[in-house]
1. Does segment 185-198 contain any residue that is outside any helix (DSSP H, G or I), among the hydrophobic types (A, V, I, L, M, F, W, C) and in contact with a helix residue (DSSP H, G or I) (Cβ under 8 Å, 6 or more places away or on another chain)?
2. Quick one: is Leu411 among the hydrophobic types (A, V, I, L, M, F, W, C), surrounded by 14 or more Cβ atoms within 10 Å (Cβ to Cβ) and under 15 Å from Gln161 (Cβ atoms)?
3. Could you give every pair whose Cβ atoms fall below 6 Å, whose first residue belongs to segment 429-456 and is within 29 Å of Ala381 (Cβ to Cβ), and whose second residue is in a helix (DSSP H, G or I) and of a type in the set (Val, Ile, Thr), counting only separations of at least 6 or pairs across chains?
4. Out of all the residues in segment 130-155, which are more than 17 Å from Ala282 (Cβ to Cβ), small (Gly, Ala, Ser) and more than 17 Å from the chain's Cα centre (by Cα)?
5. Checking the conditions here, which among Arg291, Arg287 is more than 24 Å from Cys414 (Cα to Cα), modelled with pLDDT of 90 or more and surrounded by fewer than 24 Cβ atoms within 10 Å (Cβ to Cβ)?
6. For segment 32-63, give me the residue count where each residue is β-branched (Val, Ile, Thr), at pLDDT 90 or above and not in a helix (DSSP H, G or I).
7. Yes or no: segment 132-145 includes at least one residue that is part of a helix (DSSP H, G or I), touching a helix residue (DSSP H, G or I) at 6+ places or on another chain (Cβ under 8 Å), without any contact (Cβ under 8 Å) to a residue 40 or more places away in the chain and within 18 Å of Trp373 (Cα to Cα).
8. Being over 24 Å from the mean Cα position of the chain (by Cα), modelled with pLDDT under 90, more than 30 Å from Gly425 (Cα to Cα) and in a helix (DSSP H, G or I) narrows it down to one residue among Asn158, Asn167, Asn163, Asn171; which is it?
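The values are calculated or read from the model by the stated rules, or taken from the named source; none is laboratory data. This one's a predicted model, so the numbers in the text were calculated from it and none came from an experiment. Glycine gets a Cβ as well: all are built from the backbone with ideal geometry, and neighbour counts include every protein chain shown.
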Amino acid sequence: MMDVISSIQGVVWGPIMLVLLFGTHVFLTLRTRVIQRYVFKGIKLSVTPDKEAEGDVSGFGALATALAATIGTGNIVGVATAIASGGPGAVFWVWLTGCFGIASKYGEAVLAIKYRVKGKDGGMIGGPMYALERGLKQKWLGVLFALFAGFACFGIGNGTQGNSITNMVENTFGISPYISGAVITILTGLVILGGVKSIAKVCEKLVPFMAGFYIIGCIIILFLNGSYVLPALKLIVTSAFTPKAAGGGFIGSTVMMAIRFGIARGLFTNEAGLGSAPIVDAAASTRNPVRQGLIAMTGVFWDTVIVCALTGLVLVSSIMKDPAGMTGLTGGDLSSAAFGNIPVIGPIVLTIGLITFAWSTILGWSYYGERCWVYLCGQKAIMPFRIIYTLVVFVGSVMTLDAVWGIADILNACMAFPNLVALLGLSGVIAAETKKYLFSDNLDGWSDDEVPVVDK
């Protein structure tokens with residue numbers, strides 16, 4: 001089974017997808033005249049509520065929900081897996097994917113607001129499926145995206161995350177997966193049954209705490225690994241372009257392996273180009289598409305440019321400090337060994353970080369999946385989906401899910417393809433909206449786009 005999954009992974013995450021994904025990031029960077037230079041403007045907008053605009057959640061609430069879904073196990077386990085499989089150079093490609101991915105995340109959010117609709121309950125609905133249907137007039141691609149995302153949410157956003165939580169809690173505190181799984185399941189149900197407003201309310205408080213807590217832990221480790229930090233940074237950069245021989249705690253790797261695993265893990269953690277985040281961006285209170293686009297793109301900055309970069313430096317410097325002790329380790333084991341550098345509380349810091357990261361991912365992806373099933377089946381799908389999604393948390397928590405990680409990787413690629421079609425096909429719209437509101441100094445201007453009411 002795993003051999004089949006691995007073979008499919010090799011195809012969907014082969015050179016074609018990597019070129020398409022990274023190429024889209026670079027193309028949109030050029031079409032938006034390097035929108036990345038406005039990231040700090042986006043940060044300012046994210047903490048400046050637009051109380052006059054129409055929407056279900058604040059711009060920051062949408063950002064926090066998207067960050068909740070993206071800052072997850074990929075930031076800890078995913079980066080560790082990339083280093084174990086692609087060598088230290090993979091960290092560079094994770095980081096570079098994030099830098100260029102900011103443009104794609106911006107474009108996704110602009111299209112989400114531009115083509116959003118209003119449900120019969122008055123709530124705002126949007127995402128790649130509506131951009132494909134209303135913008136490109138390709139509803140069949142919208143249906144494909146919704147199907148892939150609708151199933152992917154149970155893997156990437158649910159079962160794998162619950163499994164990571166219970167395994168870490170059991171290893172650190174000796175608590176049975178059945179007990180911790182039941183607690184996580186109950187907490188998840190209490191939040192998601194309240195819909196997007198409830199999810200956003202929790203994420204607004206959870207995300208700053210969990211990110212700050214984890215970053216402080218990383219900074220402490222980098223301080224303890226002080227003499228290895230600059231050599232680690234040099235190794236990350238040089239290994240991105242030259243083959244890395246086995247030894248010194250690292251496996252032998254090629255440049256292509258570093259690129260493949262770096263870009264794949266980069267997408268997994270920041271989801272730029274995946275098309276998931278714009279689903280919640282569409283619910284944001286904003287007066288025009290560009291304002292939310294600027295806010296949304298800061299998610300990639302925080303997730304990859306900051307958190308993943310710190311994780312990569314922590315792991316590589318720790319391996320260089322203790323190559324013998326870390327040889328052969330991968331994934332969560334590698335991360336645990338690195339955080340063991342902090343006496344006594346290191347494993348606890350990592351565990352709390354992983355629990356909050358993974359649980360927030362479960363919450364964020366619940367909304368993504370729900371909106372996709374509403375697109376496919378209408379409002380009647382909401383409550384059955386919320387119940388099933390909550391139950392899957394427990395199932396994932398107590399089962400072995402090695403294959404699910406591979407399937408999640410495959411579904412990521414399947415989701416990305418129709419979304420990238422939307423980004424490329426509507427890149428002219430993204431550029432026009434950017435010129436209309438940002439380059440014309442009209443960020444406070446009101447959009448005159450019609451928001452049709454649909455029977456969903």
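1. There is at least one residue in segment 185-198 that is outside any helix (DSSP H, G or I), among the hydrophobic types (A, V, I, L, M, F, W, C) and in contact with a helix residue (DSSP H, G or I) (Cβ under 8 Å, 6 or more places away or on another chain).
2. yes
3. Lys456/Val374
4. Hits for segment 130-155: nothing passes.
5. The match here is Arg287.
6. Qualifying residue count, segment 32-63: 2.
7. yes
8. Of Asn158, Asn167, Asn163, Asn171, the one residue that is over 24 Å from the mean Cα position of the chain (by Cα), modelled with pLDDT under 90, more than 30 Å from Gly425 (Cα to Cα) and in a helix (DSSP H, G or I) is Asn171.
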